Amino acid sequence: MPAQLRRTRIIATLGPATDGAGVLASLLAEGVDVVRLNLSHGVPDDHRRRAAAVRAAADGLGREVALLFDLQGPKIRIERFQDGAVELRPGQDFTLDCAADAPPGDASGVGVSYDGLWRDVSVGDVLLLDDGLISLEVKAINGRRIHCRVLNGGRLSDRKGLNRQGGGLTVAALSDKDRADIRLAAELGADFLAVSFVKSAADVVQARALLHEAGGAAALVAKIERAEAIDNLDEIIEAAEVVMVARGDLGVEIGDAELPGLQKKIIRETLARSRVVITATQMMQSMVESPIPTRAEVLDVANAVIDGTDAVMLSAETATGRHPCKAVAAMRRVCLGAERQFEPADDLSVGTHRLARTDQAIALAAMFLAAQIQVRALVALTESGATAQWLSRHRSSVPIFALSRNAGARRRMMLFRDVHPVAFDPGVSDPTHAVRAAILHLHQRGDLDVEDRVIITNGDHTGRLGGTNTLKLLKVGAGGIAEGLADLKPSRDRRKPERPRHAPAPAADAAVE
C-alpha cells in the first residue's frame with residue numbers, strides 16, 4: 001500500500017496550453033482528478049473535442065477523471081477600443097456608455113456590455129475594472145451614459161471585467177449563452193456544472209431545472225463571487241451540491257482585506273452542511289510564467305488544505321501557462337506536504353451533527369470507530385456515492401475506498417476529499433458475498449495487506465440507492481479473505497515507511513487515486 005494517499009483533490013483547467021500532443025495525459029498522470037472546461041472561452045466544438053480527449057486519456061490510464069463545465073455567467077465587461085488599449089490617468093474624466101450602439105472606445109470613454117448598468121449605480125459609487133486594477137468614481141449619470149473620474153489609473157484594454165465595489169448589480173445569473181451551454185454540458189455528459197455569479201439559491205435551482213430539462217445529471221457547483229452571495233450563503237450551500245470560493249471577482253467586490261476570513265468562513269460553513277467545497281483562483285498564478293511557485297502561493301494552497309477544502313483549482317496556470325504539468329506537480333507536492341504536517345481531527349459527538357438519513361448515521365458511526373481503534377481503511381460499497389460523501393465530511397487521516405459499479409458516481413466522487421473510487425460489481429445481491437468480494441478485490445489491487453483491519457459499510461440489498469445500513473469491522477485474512485475480529489488488539493502496521501519530510505515526492509504518488 002502506498003505510504004501516503006493524497007486526500008485533497010486537484011482541478012485543472014484546459015486551454016491552448018493543454019492541447020499539445022501528450023500534454024493532457026501527462027496532466028492526468030501528475031494527479032489531476034477533475035478537468036475544468038471554461039465555457040467563457042472557445043466554441044462548442046472546442047469543448048466537444050476536449051471532453052472527448054479527457055475521456056479517452058482517462059480510459060488509457062485506467063483512471064476516473066471528472067468533467068466540470070464552468071458557465072460564463074453574467075460577467076460584465078467593457079467593450080472594445082478603436083485603436084487598442086488606452087492609458088488612464090488619475091483625475092481624468094472617463095465615460096461608460098451603456099447604449100447598444102455605443103461607438104468603439106477611446107481615452108475619453110468606452111461602451112459596456114450590460115445595458116442596465118446605468119440603473120444600478122449612483123453618484124459616488126466606485127466601479128472597478130480589470131480585477132480592480134483600475135477604479136472609477138461615478139460623478140454623474142446622464143441617460144445611459146455614466147460619467148466617471150479615474151481614481152486609480154493604468155492601461156485598459158478590450159473586454160476587461162467591470163464590478164461595482166460592494167456588489168449590488170441586478171444582472172440575471174443566467175444569460176442566453178449560459179442556457180445554450182447548459183444544453184452542451186448535458187449533451188457531453190458533464191459530471192459537474194458550475195454556475196457563475198450566483199446571488200441566491202434561486203439561481204442554482206434555475207440552472208438545475210434547465211440542466212434536467214436538457215437530460216443532464218451533473219452536480220451543481222455554486223460559485224461564490226458576488227457580495228450578495230455572502231448575505232445568502234446558507235441558502236446557496238443548501239441548494240448546491242458543491243460550493244466554489246471563486247476569489248477573483250469576490251475579492252474585487254468585497255475588498256482584499258475581507259477575503260481571507262471569508263474564504264475560511266465559506267469552507268467551514270460548507271463542510272458543516274455536508275457539502276463539497278472548492279478553493280479557486282490564482283492559487284499558483286506565478287506559474288503561468290515561472291516553473292516554480294512562490295512561497296506565498298505554497299502557503300496559500302497549504303492553508304486551504306489545512307482548512308479542509310475538498311479541492312484546489314488551477315486556472316490560467318494550466319489553460320494558458322508555460323508549464324501546465326509542472327503546475328499540477330507543484331500543487332500535488334504542496335497538498336501532500338500539508339497533509340503530512342497536519343493531522344485532521346473532528347468532533348464526532350452526535351450532538352454536533354444533523355442526522356437525517358440512515359447512511360449519514362452509519363458514516364458517523366464508522367468515523368467514530370475509526371477514531372478509536374487503528375484501521376487501515378474505510379471501505380464503502382455504494383451505488384450513488386452518498387455514503388462516501390458522508391464519510392468524507394468528517395476529518396480523518398484514514399483513506400476511504402468507495403466501491404461502485406456506477407461510472408458516473410465514481411467520477412463525481414473524484415471531488416470528495418479522502419475518497420478513492422474503485423470500479424466494482426459484486427455480481428450478486430447477497431451482502432455477505434459482496435463484502436467478501438470487495439475485500440478480496442482491494443487486496444488483489446494492492447490497497448490492503450493481510451492482517452489489515454478495515455471498517456466496511458454496505459446495505460442489505462446491494463445496488464439499492466440510499467440503502468447503506470450496515471457497518472462491519474473486519475480483518476484481511478490469508479489470500480485476501482475477510483475475517484471477523486474476536487478482539488481489538490493492535491493490528492500489525494504494514495505500511496511502508498514515510499519518505500523523509502525534506503525529500504521530494506516521487507511522480508508515482510500522482511497516479512495513486
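The values are calculated or read from the model by the stated rules, or taken from the named source; none is laboratory data. All of these numbers come straight from a predicted model, not from anything done at the bench. We place every Cβ from the backbone using ideal geometry, glycine too, and count neighbours over all the protein chains shown. Ligands, DNA and RNA are stripped out before the accessible areas are found, and what is left, the full protein with its side chains, is counted by its heavy atoms. Shrake-Rupley method; radii C 1.70, N 1.55, O 1.52, S 1.80 Å.
Which numbered condition in (1) open to solvent by 60 Å² or more (accessible area, probe 1.4 Å); (2) out of contact with any Asp or Glu (no Cβ under 6 Å at 6 or more places or on another chain) is the only one that Arg155 fails?
(2)
Regarding segment 69-78, can at least one residue be identified that is more than 32 Å from the chain's Cα centre (by Cα) and charged (D, E, K, R)? Steps first, answer last, please.
The first filter runs over segment 69-78 and keeps only residues more than 32 Å from the chain's Cα centre (by Cα), leaving none.
No, every residue in segment 69-78 fails to be more than 32 Å from the chain's Cα centre (by Cα) and charged (D, E, K, R).
Quick one: count up the residues across segment 84-107 that are in contact with a strand residue (DSSP E or B) (Cβ under 7 Å, 6 or more places away or on another chain), farther than 17 Å from Asp130 by Cα and open to solvent by 40 Å² or more (accessible area, probe 1.4 Å).
The total comes to 3.
Cβ contacts < 8 Å: first residue open to solvent by 10 Å² or more (accessible area, probe 1.4 Å) and at pLDDT below 95, restricted to segment 126-139; second residue of a type in the set (A, V, I, L, M) and not in a loop (DSSP other than H, G, I, E, B), any location; separation 6+ or different chain. Result?
Taking only residues 6 or more apart or on different chains, the pairs are Asp130/Leu156; Asp131/Val252; Gly132/Val252.
Out of segment 380-433, which residues are open to solvent by 10 Å² or more (accessible area, probe 1.4 Å), aromatic (Phe, Trp, Tyr) and under 19 Å from Gly459 (Cα atoms)?
Passing the criteria: Trp390, Phe424.
Keeping to segment 255-280, report how many residues are open to solvent by 40 Å² or more (accessible area, probe 1.4 Å) and closer than 28 Å to Arg164 by Cβ. If you could, list the steps in order and put the result at the bottom.
Of the residues in segment 255-280, the ones open to solvent by 40 Å² or more (accessible area, probe 1.4 Å) are 256-258, 260-261, 264-265, 268-269, 272-273, 275.
With the extra rule that they be closer than 28 Å to Arg164 by Cβ, the set shrinks to 256-258, 260-261, 264-265, 268-269.
The total comes to 9.
Restricting to segment 294-324, name every residue that is open to solvent by 20 Å² or more (accessible area, probe 1.4 Å) and in contact (Cβ under 8 Å) with a residue 40 or more places away in the chain.
Scanning segment 294-324 gives Asp307, Ser315, Ala316, Thr320, Arg322.
If I filter segment 241-254 for residues that are more than 29 Å from Gly168 (Cα to Cα), in contact (Cβ under 8 Å) with a residue 12 or more places away in the chain and surrounded by fewer than 19 Cβ atoms within 10 Å (Cβ to Cβ), do I get at least one hit? So that I can check it myself, show each step before the final result.
To start, the set of residues in segment 241-254 that are more than 29 Å from Gly168 (Cα to Cα) comprises none.
Scanning segment 241-254, I find no residue that is more than 29 Å from Gly168 (Cα to Cα), in contact (Cβ under 8 Å) with a residue 12 or more places away in the chain and surrounded by fewer than 19 Cβ atoms within 10 Å (Cβ to Cβ), so the answer is no.
Among the numbered criteria (1) buried (at least 17 other Cβ atoms within 10 Å of the Cβ); (2) in a loop (DSSP other than H, G, I, E, B), which single criterion is violated by Leu193?
(2)
Report whether or not Ala53 is farther than 30 Å from Val422 by Cβ and modelled with pLDDT of 95 or more. Walk me through it before giving the result.
On the way: farther than 30 Å from Val422 by Cβ: no; modelled with pLDDT of 95 or more: yes.
Answer is no for this residue.
Could you give every pair whose Cβ atoms fall below 8 Å, whose first residue belongs to segment 200-220 and is within 20 Å of Gly408 (Cβ to Cβ) and modelled with pLDDT under 95, and whose second residue is part of a helix (DSSP H, G or I) and open to solvent by less than 50 Å² (accessible area, probe 1.4 Å), counting only separations of at least 6 or pairs across chains?
Hits for this filter: zero, empty list.
Would you pick out the residues in segment 281-293 that are out of contact with any His (no Cβ under 6 Å at 6 or more places or on another chain) and open to solvent by 10 Å² or more (accessible area, probe 1.4 Å)?
Thr281, Gln282, Gln285, Ser286, Val288, Glu289, Ser290, Ile292, Pro293
Can you confirm whether Lys177 is closer than 19 Å to Glu79 by Cβ and outside any loop (DSSP other than H, G, I, E, B)? Walk me through it before giving the result.
Details: closer than 19 Å to Glu79 by Cβ: yes; outside any loop (DSSP other than H, G, I, E, B): yes.
Answer is yes for this residue.
Which of the numbered conditions does Ile146 fail, given that it passes all the others? Conditions: (1) among the hydrophobic types (A, V, I, L, M, F, W, C); (2) touching a residue at least 60 places away in the same chain (Cβ under 8 Å); (3) crowded, with 17+ Cβ neighbours inside 10 Å.
Status for Ile146: all satisfied but (2).
If you take just the strands (runs of 3 or more DSSP E) that sit entirely in segment 1-104, which of them hold at least 2 residues that are touching a helix residue (DSSP H, G or I) at 6+ places or on another chain (Cβ under 8 Å)? Can you show your working first?
Details: elements: 9-13, 34-38, 66-70, 86-88, 93-97.
Because the criterion is at least 2 residues that are touching a helix residue (DSSP H, G or I) at 6+ places or on another chain (Cβ under 8 Å), the strands (runs of 3 or more DSSP E) in segment 1-104 that meet it are 9-13, 34-38, 66-70.
For the structure I just gave you, tell me whether Val375 is buried (at least 16 other Cβ atoms within 10 Å of the Cβ), at pLDDT below 95 and out of contact with any helix residue (DSSP H, G or I) (no Cβ under 6 Å at 6 or more places or on another chain). Reasoning before the result, please.
Numbers: buried (at least 16 other Cβ atoms within 10 Å of the Cβ): yes; at pLDDT below 95: yes; out of contact with any helix residue (DSSP H, G or I) (no Cβ under 6 Å at 6 or more places or on another chain): yes.
So Val375 passes the test.
Of all residues in segment 221-232, how many are charged (D, E, K, R) and either in contact (Cβ under 8 Å) with a residue 60 or more places away in the chain or under 18 Å from Glu187 (Cα atoms) (or both)? Break it down into steps so the answer makes sense when it comes.
Here is the first cut: in segment 221-232, the ones charged (D, E, K, R) are 223, 225-226, 228, 231.
Keeping just the survivors that are either in contact (Cβ under 8 Å) with a residue 60 or more places away in the chain or under 18 Å from Glu187 (Cα atoms) (or both) gives 223, 228.
So the answer is 2.
Only one of these conditions is not met by Asp45: (1) in contact with an Asp or Glu (Cβ under 9 Å, 6 or more places away or on another chain); (2) closer than 24 Å to Arg183 by Cβ; (3) acidic (Asp, Glu). Which number is it?
(1)
When only residues in segment 1-39 that are without any contact (Cβ under 8 Å) to a residue 60 or more places away in the chain and not aliphatic (A, V, I, L, M) count, which is surrounded by the most Cβ atoms within 10 Å (Cβ to Cβ)?
Among those that are without any contact (Cβ under 8 Å) to a residue 60 or more places away in the chain and not aliphatic (A, V, I, L, M), it is Asp19.
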